[in-house]
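What follows is a set of notes on a single structure, which appears directly below.
The values are calculated or read from the model by the stated rules, or taken from the named source; none is laboratory data. Note that the structure is predicted; figures quoted are calculated from it, not measured. Counting neighbours? That spans all protein chains shown, and the Cβs are built from the backbone with ideal geometry, glycine included. The accessibility values were calculated without ligands, DNA or RNA, using every heavy atom of the protein model including side chains. Shrake-Rupley method; radii C 1.70, N 1.55, O 1.52, S 1.80 Å.
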Amino acid sequence: MKTITLKIEDAVNDKFLWLLEHFSKNEIKILEQTEYQSDDEYLRSIDGMVKSIQEARIESIENGVTLDNLKW
């Protein structure tokens, strides 16, 4: 089974949901419905994120970590 994320224009939302309702629950299941939020809006909604980004901007480059030193 696959999971996809779609951005649906408000004008066709009802029609799209109507179409999805014609599939069985074994075929398609709506997991979540939310209003679209840009990446910027999302980041700004997280407590302390703006302050953290502002602090990181003024931090010295010498305090940074290069990609080859990141531990994923």
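So here's what we get for this one:
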| quantity | calculated |
| --- | --- |
| Cβ pairs under 6 Å, 6+ apart, first in the range 5-27 and under 20 Å from S38 (Cβ atoms), second in a helix (DSSP H, G or I) and not charged (D, E, K, R) | I8/F16 |
| Some residue of the range 6-29 being of a type in the set (S, T, Y), at pLDDT below 90 and exposed (fewer than 10 other Cβ atoms within 10 Å of the Cβ) | no |
| Selection status of E35, open to solvent by 100 Å² or more (accessible area, probe 1.4 Å) and not β-branched (V, I, T) | yes |
| Residues being polar (S, T, N, Q) and in a helix (DSSP H, G or I) - total across the range 63-72 | 2 |
| Flag if V65 is of a type in the set (A, V, I, L, M) and open to solvent by 90 Å² or more (accessible area, probe 1.4 Å) | yes |
| Residues satisfying the stated conditions in the range 42-62, i.e. outside any loop (DSSP other than H, G, I, E, B) and open to solvent by 100 Å² or more (accessible area, probe 1.4 Å) | Y42, R44, K51, Q54, R57, I58, I61, E62 |
| Pair list, Cβ < 7 Å and 6+ apart or interchain, from the range 39-65 residues that are under 30 Å from K7 (Cα atoms) to residues that are open to solvent by 100 Å² or more (accessible area, probe 1.4 Å) and not hydroxyl-bearing (S, T, Y) | V50/R44 |
| Residues located in the range 18-41, provided they are assigned to a loop (DSSP other than H, G, I, E, B) and not polar (S, T, N, Q) | E21, H22, F23, K25, E27, I28, K29, I30, L31, E32, E35, Y36 |
